[in-house]
1. Volume per residue, Å³, of the convex hull around the alpha-carbon atoms of segment 237-333?
2. For the chain, what is the mean residue ellipticity at 222 nm derived from helices alone (per DSSP H run of n ≥ 4: -39500 (n - 2.57); sum divided by total residues; nearest 500 deg cm²/dmol)?
3. Quick one, what does Rg over Rh come out to for segment 338-420 if you take C-alpha atoms and the Kirkwood Rh?
4. Above 18 Å lies some portion of the pair distances; for segment 1-94, what is it as a whole percent of all C-alpha pairs?
5. Please compute P(r) over all alpha-carbon pairs of segment 270-420, binned at 5 Å starting from zero, and give each bin as a whole-number percent.
6. Let me test this: with uniform point scatterers at the alpha carbons of segment 247-288, what is the Debye-based log₁₀ I(q)/I(0) at q = 0.26 1/Å?
7. I need the Debye-formula profile for the chain: one equal scatterer per C-alpha, no solvent, reported as log10 I(q)/I(0) at q = 0.07, 0.09, 0.11 1/Å, two decimals.
8. If you scale each eigenvalue of the Cα gyration tensor by 5 and take the root, what three semi-axes come out for segment 1-43, rounded to whole angstrom and sorted largest first?
Amino acid sequence: MVQTRDLPCADLIPFELHGDVLCLKAEDHYLRIYSSAGEALVLFRFSDAITPLSNTLGLQVHRSYWVAKAAITKSTYKNQRHYLVLVNGQSIPVSRSQVPRLRDVGWLISPRRHLSNRRPLLARFMTHLKLSFGWRRSAIAGVAACLGIIIGASLVDVRNDPLITSLDGPAETEFVNGWQEYLRDTPDSFARAATHFRRAVAIDENFGKAYGALASLYHSASVRGWNQQWGLKLHETYRLAHQNLLDAARHPSAEGHAAEAQALLYRRRIEEAMVESARAISIDPKNPAGHLWMANSLIMIGLPNQATAFLDQAKVLGHPGSPSTLWARGMAAFSNNDFNAAANYFEQCIEQSPAMNSMPLVAAYGHLGRREEAQDIITRERSRRTVVNPLNLVTVMDGMIFRRKVDAKRFVTGLRLAGI
């Protein structure tokens, strides 16, 4: 499949949006690039972008569209026009002049079932549930229930098992040492973990678990601002996360799929994150990372009780009360209107990691009537903000992900009660 790095305009595409190219679209003098990581708009001519691309990997199907062959799930015909449906749900029109050519190469046929080894049965099932105006709540609940059944059936009693079964080999030893540091979830432990993971891939360049762990580590560091303590700029940290995610995809592992789920959540692609989390758990039920990101996904779609079950499983597997876990438990409690428990979790989270987003704690304080404590946090937060990024409801909610309006409303109400 064509990669964004293979495009002549690769340098114009943000690091976090690199990935498999699904299609290219001409928009006047601009080029819109749809990739597996999202979409980007760059100032580049459509004709210059598609000229060097091989016809075996994709074709121009319309005067404004080039489509990657591996991105097509099926073709449809409606209103006397052919369309190609892509893995991201896009429906691309086919020019009438291109119909004979696409028939000859076999693109305009019944739905294709096996386009890529990277598209599992569960992902195809979830795609069929997607509706024209988004996901209905009943569909989301159904998917979550199916995931719970699938994953629950794969779990075993691991209470007395070690977190990771040590295997022979220096690469595995470095990874195990790094993973223990990673689970401590602090800036210093992350720095030590990164050293171990880098040693593991230096020993064995096909060691996928270490690539996945590095991708997750750099993503988390970017969100929390820990990269500044390491002397790394934000775009450099995102680049490291993205590069390791690409390497992890070439060497699949539970850690790699969990890191992909994490990256998808940051881009608000929740259902896809659930699929990746499920794949992580199915590959290694004893690894807590998949459970943690499944929990975060379920919280965002409004299923906090199911999320708590996955967090409990992560705890059984040895995941400590890290900032990531405390944050997730706080959000689950907040969604259940248990604001005392939410405030307690968020306080512990911020105590361990002061760089974590403190606005959920402010919202919990607002609901509890602890306005004075909330104002102290608001004052500190405003002193850190800039003119272009002030502290108000718009900027705060821009950093939160809620699929249900009732969850977003609960959060906004707490912020208003706190004085924002």
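Read-outs: derived from the displayed coordinates by stated rules, not from any lab. Remember, predicted model here, so these are calculated numbers, not experimental data. Note that each Cβ is placed from the backbone with ideal geometry, even for glycine, and that neighbours are counted across all protein chains shown.
1. Normalising the Cα hull of segment 237-333 by residue number yields 91 Å³.
2. -17000 deg cm²/dmol
3. That ratio equals 0.94.
4. Of all Cα-Cα distances in segment 1-94, 39 percent exceed 18 Å.
5. 2, 10, 18, 21, 20, 13, 9, 5, 2, 0
6. -0.81
7. These q points yield log10 I(q)/I(0) values of -0.37, -0.62, -0.91.
8. 15, 10, 9
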